[in-house]
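Here is the structure we will look at.
Rule-based calculations on the coordinates, nothing more; no lab input. The shown structure was predicted, so the numbers you read here are calculated from the model rather than taken from an experiment. Virtual Cβ from ideal backbone geometry, glycine too; neighbours counted across all protein chains shown.
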Amino acid sequence: MQGILWGGVIAAGLAAASLPTGSLMADDTEAMIETLRAATQRFEDVKVALAEGYVPDPSGECVSAAAHGLPAELGAMGIHYLRPDLLGITVTEPRVDGTGTHTDFMSPAILLYEPQEDGSLMLVGIENLVFRQAWEAAGHTEPPTLAGRRWDYMVDDPDTPEEEAHHFQPHYDQHVWFRENLKGNLEPFNPSVTCRYHTA
């Protein structure tokens with residue numbers, strides 16, 4: 001996958017060698033995101049996602065930062081549509097656990113949708129998730145990375161009322177936002193995404 005994503009980016013980077021390193025990294029990430037957007041564009045129609053094996057998060061939740069005890073200005077993630085086979089889900093109680101180590105963003109394990117005022121859903125991003133135990137059992141000694149960024153590590157803190165790991169066993173996850181995120185298009189929450197029109 002790396003060759004597919006970065007072939008054109010490397011050539012562009014060589015042509016722009018005089019640019020600051022930070023600019024090159026930002027351009028590379030933007031090019032990667034556009035490649036992933038094109039690869040997953042068909043999922044803008046949620047019916048296509050359902051036909052290809054994605055299912056809505058059984059909790060029905062539209063995840064927002066505020067609902068999880070975080071600053072509201074962080075925004076939201078939206079509604080998660082999951083591919084159980086890519087996640088390798090084995091149990092859902094008391095926490096979701098699995099054996100998957102899928103990291104291919106060209107075929108993401110999770111789609112992120114924002115509820116719209118008219119009741120429709122808009123694809124705003126994608127995500128991959130690997131369970132820590134399965135990842136380490138596969139021989140990995142470091143967290144997965146994307147564009148040089150370590151995936152976020154999620155584990156619940158039993159001493160807080162919030163559910164930091166969203167009812168999952170300890171895991172690494174990585175979001176990629178198609179809607180512009182002023183905090184960074186690889187950050188977990190997006191201030192430009194809202195759950196305002198979500199109905200349970």
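Here are a few things to note about the model shown:
- Annotation for Ala31 and Lys183: the two label points, set 7 Å from Cα along the Cα-Cβ direction, are 2.8 nm apart.
- Stretching the chain fully between Asp118 and Thr145 yields a gain of 6.0 nm (0.36 nm per residue, less the alpha carbon separation).
- Take the Cα of Thr92, go 7 Å toward its beta carbon, and the backbone nitrogen atoms of region 36-70 under 14 Å from that spot belong to 54-61.
- Computed from Cα positions, the angle between helix 21-39 and the longest principal axis of the chain comes to roughly 60 degrees.
- 25 Å tail of the calculated P(r), region 45-200, as % of Cα pairs: 26 percent
- Helix 2-15 axis versus longest C-alpha principal axis of the chain: approximately 40°, rounded to the nearest ten.
- Computed E for Thr194/Thr99 - FRET, C-beta separation, R0 30 angstrom, nearest 0.05: 0.30
- Residue-averaged [θ]222 nm for the chain, counting only DSSP H segments that reach four residues, each worth -39500 (n - 2.57): -7000 deg cm²/dmol
- By the count of other C-beta atoms within 10 Å, a proxy for reagent exposure, Lys183, Lys47 are ordered fewest to most as Lys47, Lys183.
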